[in-house]
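Visitor: Take a look at this one; I'll ask things after.
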Amino acid sequence: MSLFYGFITGVVFGFLLQKGQVIRYDKQIAALRFLDMTIVKFMLSAILVAMVGLYLLEGMELIKFSLKPTILGSVITGGLLFGLGWGILGYCPGTSLGAIGEGRLDALSGILGMLVGAALFAQIYPWMQKTLLLVGNYGKITLPQVLGINPWIVIVLFWLAGVLLFRWFEQKGW
Amino acid sequence: MKGKYWSPYLAGGLSGLALVLSVWISGKFFGASTSFVRVAGLIEKVFAPEYVASLSYFQAKVPKVEWQVMFVLGIMVGSFVAALSSKTFQIVWVPPMWAEKFGPGRLKRALWAFLGGIIAMFGARLAGGCPSGHGLSGVAQLSVGSLIALVCFFVGGIISANLFYRKRR
């Protein structure tokens, strides 16, 4: 059943990614070159909506959060590495499959590369556990916890910032 | 809904709603990069099952088909359905922006995509997630690490994309 839900959820997400035109190399690289902010609009809209829904449901104890630990050494190094590779590939792991779905077949070799990258990481993981994964581990923390304020204040601020950013994008014709 | 595509605000907002429903109904947050580990492990297992079993990372991320692997496959199918229904399915081997700068050669594009893929996935696994797991699921929970990861994704991407497309050549 879990497999079935996974597949259906993926179909819905893939459908929306294609409709939003965010699974194209040209769109992803255009955002990184400050030419077209379509992917940022999509992503930030998704985040803003999900933020409200997730905090509502968590507040009613209907769901449990699943936070990844904040380990500065690995998150920063890994995040920058991911970005460098992403700027070359022009697809991220999820969108690469969506790209195949709409016929963008250069994503095939990107997927092969990502499988190799995953295998390489599995090889080097024990060493990472002794090095970068030990640097600056703050555990599972959220922004409201760190700031010591009600999460809804943070959510409202994110929405405000998001709306202002969107307005700016539209004014600039991004 | 007119036109072949939807506004990114609408499609994005609905994706956020899909995430909320997924967590509510099946307790699953979106993510993609762990599946690449599982599938890489499944492939490696064909050749060296004992070796794969001995690696600690594959003990943590067991090579098997589970929720997220099906989710990632579903993305491909969903995108295919959307592309077919709006008649926007098109076989493209070299993206137009790439072709304009680096020429129409398929092999050149494929090799760079392969290399970019290696670096991107290595980085995603080190960071503990990709734009789905950290960027969408993590930031929506206001996770500090995910916020930092998302900023770093863009910083890295801005650096390499602009280096690639810098003037000269």
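Visitor: As an exercise: evaluate B:GLY129 against (1) assigned to a helix (DSSP H, G or I); (2) facing chain A (nearest Cβ under 7 Å) and give the number of the one condition it does not meet.
Guide: (1)
Visitor: Using the structure shown, decide if A:THR131 is surrounded by fewer than 16 Cβ atoms within 10 Å (Cβ to Cβ), more than 7 Å from every other protein chain (Cβ to nearest Cβ), in contact (Cβ under 8 Å) with a residue 24 or more places away in the chain and polar (S, T, N, Q).
Guide: yes
Visitor: Which residue pairs have Cβ atoms under 9 Å apart, sit 6 or more places apart or on different chains, and have a first residue in segment B:61-76 that is more than 12 Å from B:ALA32 (Cα to Cα) and assigned by TED's automatic domain parsing to the domain that holds B:SER33 and a second that is open to solvent by 40 Å² or more (accessible area, probe 1.4 Å) and of a type in the set (Lys, Arg)?
Guide: If the second residue must be open to solvent by 40 Å² or more (accessible area, probe 1.4 Å) and of a type in the set (Lys, Arg), the pairs left are B:PRO63/B:LYS45.
Visitor: Looking only at residues that are open to solvent by 70 Å² or more (accessible area, probe 1.4 Å) and under 22 Å from A:MET1 (Cβ atoms) in segment B:51-69, which one is farthest from the other protein chains (Cβ to nearest Cβ)?
Guide: Residue satisfying both the conditions and the ranking: B:LYS64.
Visitor: Within the bounds of segment B:22-34, is there any residue that is within 8 Å of chain A (Cβ to nearest Cβ), open to solvent by 10 Å² or more (accessible area, probe 1.4 Å) and under 15 Å from the mean Cα position of the chain (by Cα)?
Guide: Yes, segment B:22-34 contains a residue that is within 8 Å of chain A (Cβ to nearest Cβ), open to solvent by 10 Å² or more (accessible area, probe 1.4 Å) and under 15 Å from the mean Cα position of the chain (by Cα).
Visitor: Yes or no: A:LYS27 open to solvent by 10 Å² or more (accessible area, probe 1.4 Å), more than 7 Å from chain B (Cβ to nearest Cβ) and basic (Lys, Arg)?
Guide: In short, yes.
Visitor: Taking the condition of being within 7 Å of chain A (Cβ to nearest Cβ) and either buried (at least 16 other Cβ atoms within 10 Å of the Cβ) or not β-branched (Val, Ile, Thr) (or both), how many residues in segment B:89-122 meet it?
Guide: So the count comes out to 22.
Visitor: On the given criteria, is B:VAL72 in contact with a Leu (Cβ under 7 Å, 6 or more places away or on another chain) and either crowded, with 22+ Cβ neighbours inside 10 Å or not in a loop (DSSP other than H, G, I, E, B) (or both)?
Guide: Here the answer is yes, as B:VAL72 does meet what is asked.
Visitor: Now a separate question. Please enumerate the residues belonging to segment A:153-168 that are under 18 Å from A:PHE42 (Cβ atoms) and among the β-branched types (Val, Ile, Thr).
Guide: Once the filter is applied, which keeps residues that are under 18 Å from A:PHE42 (Cβ atoms) and among the β-branched types (Val, Ile, Thr), segment A:153-168 yields only A:VAL163.
Visitor: Would you mind finding the one in B:SER56, B:SER137, B:SER132, B:SER86 that is in the same structural domain as B:LEU42 (by TED's automatic domain parsing) and touching a residue at least 60 places away in the same chain (Cβ under 8 Å)?
Guide: Going through B:SER56, B:SER137, B:SER132, B:SER86 in turn, the sole match is B:SER86.
Visitor: Taking only pairs six or more apart or across chains, which ones have beta-carbon atoms under 8 Å, a first residue in segment A:9-21 that is on the phi > 0 side of the Ramachandran plot, and a second residue that is of a type in the set (D, E, K, R)?
Guide: Filtered contacts from segment A:9-21: A:GLN21/A:LYS27.
Visitor: When segment A:73-103 is examined, which residues are found to be in a helix (DSSP H, G or I) and more than 7 Å from chain B (Cβ to nearest Cβ)?
Guide: Listed by number, the residues that qualify are A:GLY73, A:THR95, A:SER96, A:ALA99.
The values are calculated or read from the model by the stated rules, or taken from the named source; none is laboratory data. It should be emphasised that the depicted structure is a prediction, and the values quoted were computed from it without experimental measurement. Don't worry about glycine lacking a Cβ; one is built from the backbone with ideal geometry, like all the others, and counts go over all protein chains shown. Ligands, DNA and RNA are stripped out before the accessible areas are found, and what is left, the full protein with its side chains, is counted by its heavy atoms. Shrake-Rupley method; radii C 1.70, N 1.55, O 1.52, S 1.80 Å.
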